[in-house]
Amino acid sequence: MTERDLPQDLPVRELIRSAMEARKKAYVPYSGYMVGAAALTSDLRIYTGCNIENASYTPTVCAERTAIFKAVSEGKRALKAVAVVGSPKGEEISQYSFPCGVCRQVMREFADPQTLVVIVARGEADYKLFRLSELLPESFGPENLR
Ligand code: THU
């Protein structure tokens, strides 16, 4: 999607800043790859998260899911946007870090894929914008089970 299609009330820079701040808290003793995320809910509140790894590896949780589950556990089930920043520890954020497939599916659960905006950023003024439907086309979701 382009900047022109962006909803007016979307605080893109604040979301990126929040994700960058959350990234600093990443617990990544195994991969050394630090990710931060910020989820904007329909009431325009921001929930942040970082990735949290585990010695047993599989319990590791991504930054996006930390942020989204924090929102959901506070009763916020409608997402408007999610910003993501990631890069190896000790490095400048020099790459665009895309949400993994599992996190895309979790976003799908709590958003309309045609409207949810995913912001993949390297900095406050350096980002790419997507609708979830671009990152997860032809998806399976809650409506399938109703
Ligand atoms: N990671 C995320 O936090 N989000 C993603 O979307 C991709 C991967 C984390 C998980 C793990 O801690 C590290 O990055 C390396 O895979």
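Bear in mind that the values in this text are calculations on the coordinates, not laboratory data. Nothing here was measured: the structure is a model prediction, and the numbers come from that model. Every residue, glycine among them, receives a Cβ derived from its backbone with ideal geometry; neighbour counts consider all protein chains shown.
Quick rundown of the values:
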{"quantity": "Packing rank of 125-137, 40-52, 61-73, where each peptide gets the mean count of other beta carbons within 10 Å, highest leading", "calculated": "61-73, 40-52, 125-137"}
{"quantity": "In Hz, Karplus ³J(HN,Hα) per residue of segment 98-108 (6.51, -1.76, 1.60; θ = phi - 60°; x = Gly, Pro)", "calculated": "7, x, 5, x, 5, 5, 4, 5, 5, 4, 4"}
{"quantity": "Debye log10 I(q)/I(0) at q = 0.10, 0.12 Å⁻¹ for the chain, Cα point scatterers", "calculated": "-0.30, -0.44"}
{"quantity": "Relative contact order of the chain, defined on C-alpha pairs under 8 angstrom at six or more residues apart (%)", "calculated": "21 percent"}
{"quantity": "Selection from Tyr33, Ala78, Val61 lying farthest towards where the dipole of segment 32-97 points positive, charges on Cβ", "calculated": "Ala78"}
{"quantity": "Residue-wise HN-Hα coupling along segment 141-146, computed from phi with Karplus coefficients 6.51, -1.76, 1.60 (Hz; x: Gly, Pro)", "calculated": "x, x, 4, 4, 9, 9"}
{"quantity": "Spacing of the two label points (7 Å from each Cα toward its C-beta) at Arg13 and Ala55, in nm", "calculated": "4.5 nm"}
{"quantity": "Ratio Rg/Rh, restricted to segment 39-85 and using Cα atoms, in which Rh is the Kirkwood radius", "calculated": "1.04"}
{"quantity": "Rounded if a/c under 1.5, otherwise prolate or oblate - segment 89-133, Cα gyration tensor axes", "calculated": "oblate"}
{"quantity": "Gap separating the Cα centres of segment 111-146 and segment 1-80, nearest whole Å", "calculated": "13 Å"}
